[in-house]
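The next block holds one structure in the form of structure tokens; read it before the comments.
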Amino acid sequence: MPHPVPETDKRTAAEAEAEADGTEDPASAREGFREPEATFAAVFRQALRRRGLPLERIRDHLRAQQISVSLATLSHWQRGRSQPEKAQSLRAVDALEPLLDLPTGALRSLLGPHRPRGGARPPDPAAARGVFGEDSDVEQALGDAFAHFNAGLRALTVQETVCLDEHRAIRETSVTTVVQAVRDGVDHLGVVHFLDSPKSGTAALDVPGRPAPRIRFLEEMGCVAADIPLGRRLARTETAVIAYTLRAEGETSWQHERRVTVPLRAYLLHVRFDPRAVPAHCWGYRRERIGADPSHRHRTPLDDFHTTHLLPTRCVPGVYGIEWCWPD
């Protein structure tokens, strides 16, 4: 079956023809020779048009100097979809300037800073507030640190198992997450959990194979926060696996949820009930933000071992959880 074309890849027939013969796109032609802003893409396009050189000639000229750059890459450069960053590409820029009758450094000087790639893009603070809302419980718990909370890391996957005791209370939450550094030097992961009326002095956080981190317990908010060491400083794009278990004594629980502020490759929530306290029904759900009504709610059946789970097919930002009702 045909696949939809992403908006960023849609183009008119005229644009496709311009891309094939190496000229500027039609919108640029309508605006006249001089671009309103001296960007790398604009100056590159102007020079190509002034010299009357198609992209095939540019590619062949570079190839004769043992520099390999594809037609697609050259097209992206002139259209502003990407810019030269790798060593081979920068060599190509230096070789293009005399060919295009440009002063030395004319193109090089227009190159901006390297763009973050792939999973190494930093989290967007606005996206976090879109899920948490203004003055959320998380922001109140963290104070001024909220704006920079885990700013050097991006979560890739999260798996958590929640265990309830015979008193219908969540007694244990085990989390395994894979994170990726978005800058050099990150050495810890911050975690925040809100519990159901936890009893003072009962919260403990264990990290297998490592000393237990110091936790901060905000009794009035039922909140536990901690910084978990990664074991070493990460370079940008490096990944780390962190596993920890939070234990606490609290009151009756009716749900468990996680706030997701960036798209995850996978999220699994597994809830395990004590055989002496099994709920009547369970439902999985997703909400756009804290306080919003569930937009996707469905039954999640219990198995013979008194467990249920939620595994979204796509984990976009939002609030994901499982809720249950007790038989009486």
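A few comments on the model shown:
- Only residues that are among the charged types (D, E, K, R) and part of a loop (DSSP other than H, G, I, E, B) were counted in the stretch 279-300, giving 3.
- Enumeration of residues in the stretch 235-278 that are crowded, with 19+ Cβ neighbours inside 10 Å, in a loop (DSSP other than H, G, I, E, B), at pLDDT 95 or above and of a type outside the set (G, A, S): F273
- Filtered residues of the stretch 50-106 (kept if under 37 Å from the mean Cα position of the chain (by Cα), hydroxyl-bearing (S, T, Y) and over 12 Å from F40 (Cα atoms)): S68, S70, T73, S75, S89
- Selection of the stretch 70-107 for residues being of a type in the set (S, T, Y) and surrounded by 16 or more Cβ atoms within 10 Å (Cβ to Cβ) yields T73, S75, S89.
- Screening V191 on (1) part of a loop (DSSP other than H, G, I, E, B); (2) within 20 Å of L142 (Cβ to Cβ); (3) modelled with pLDDT of 90 or more shows it passes everything except condition (1).
- Test: residue in the stretch 301-319 that is on the phi < 0 side of the Ramachandran plot, in contact with a strand residue (DSSP E or B) (Cβ under 6 Å, 6 or more places away or on another chain), part of a loop (DSSP other than H, G, I, E, B) and free of Cβ contacts under 8 Å to residues at least 12 places away in the same chain: no
- Close pairs (7 angstrom Cβ cut-off, 6 or more residues apart or separate chains): aliphatic (A, V, I, L, M) in the stretch 134-157, surrounded by fewer than 17 Cβ atoms within 10 Å (Cβ to Cβ) and part of a loop (DSSP other than H, G, I, E, B) anywhere: A151/P122; L156/R265
- Picking from residues in the stretch 252-271 that are in contact with a Phe, Trp or Tyr (Cβ under 8 Å, 6 or more places away or on another chain) and charged (D, E, K, R), the one that is farthest from C325 (Cα to Cα) is R259.
- So E220, is it among the charged types (D, E, K, R) and touching a residue at least 60 places away in the same chain (Cβ under 8 Å): no
- D165, sole failed condition from (1) more than 30 Å from P279 (Cα to Cα); (2) of a type outside the set (A, V, I, L, M, F, W, C); (3) touching a residue at least 12 places away in the same chain (Cβ under 8 Å): (1)
- Among the helices (runs of 4 or more DSSP H) confined to the stretch 13-131, the ones with at least 3 residues that are of a type outside the set (D, E) and modelled with pLDDT of 60 or more are located at 40-51, 55-64, 71-79, 87-99.
- Extreme residue, farthest from A235 (Cα to Cα), among residues of the stretch 149-169 that are more than 28 Å from the chain's Cα centre (by Cα) and acidic (D, E): E166
- Among the residues here, G201 does not qualify as touching a Phe, Trp or Tyr at 6+ places or on another chain (Cβ under 6 Å) and either free of Cβ contacts under 8 Å to residues at least 60 places away in the same chain or not in a loop (DSSP other than H, G, I, E, B) (or both).
- Residues that are of a type in the set (S, T, N, Q), surrounded by fewer than 19 Cβ atoms within 10 Å (Cβ to Cβ) and assigned to a strand (DSSP E or B) do not occur anywhere in the stretch 138-156.
- Summed over the stretch 207-242, the residues that are among the acidic types (D, E), over 15 Å from G190 (Cβ atoms) and under 21 Å from the mean Cα position of the chain (by Cα) give a count of 1.
The values are calculated or read from the model by the stated rules, or taken from the named source; none is laboratory data. Quick caveat: nothing in here was measured; it's all calculated off a predicted structure. For neighbour counting, all protein chains shown are included, and Cβ atoms are generated from backbone atoms with ideal geometry for every residue, glycine included.
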